[in-house]
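FYI, it's all coordinate maths here, none of it is from the lab. Being a predicted model, the structure only gives us computed values, none of them experimental. Note: ideal-geometry Cβ built from the backbone for every residue, glycine included; neighbour counts use all protein chains shown.
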Amino acid sequence: MKFSVVSLLVLFIPGLLYSQSPGNVSGNLRWWLNANAGTFTDAGKTTAATNGDAVYTWDDQSTISNDAINATASTRPVYRTSIINGNSALEFDGTRFLDGSAVPGIGVTESFDICMVFKLNSFQTNGGDNDGAGTFI
């Protein structure tokens, strides 16, 4: 499975669900990853990713600074330009990933919302409903 993620937005909204645009986010934002900003090929964040580069760090655009990172070159997502509506994206293929560098501050019993924009390029239909095979996010 291949998919590209343009933006990932995690909001902690206790007891209330409301509409909010990424450009005007305020309050309770715990993780905001935007492929158009803060993608780097190195740990020092000195080399911005360009088309085809493996991404080491994806900067958290919220005030929490929970950057997504991967120190293993062979499993890093690939930075791509002009993927969804002219926006850049990170390409994941089932073997590539990023991990949050810190705990986002959401308690185990607290509810939260995740908003993700992605483009699915392929999917697998093998496997059952809950056996871990097939396409999943």
Legend entry - Cα radius of gyration and Dmax for region 30-120 (Å): 13.2, 40
Inset, instruction - Using a 10 Å cut-off on Cβ atoms, rank the peptides 63-76, 33-46 from the highest mean neighbour count down. - result: 33-46, 63-76
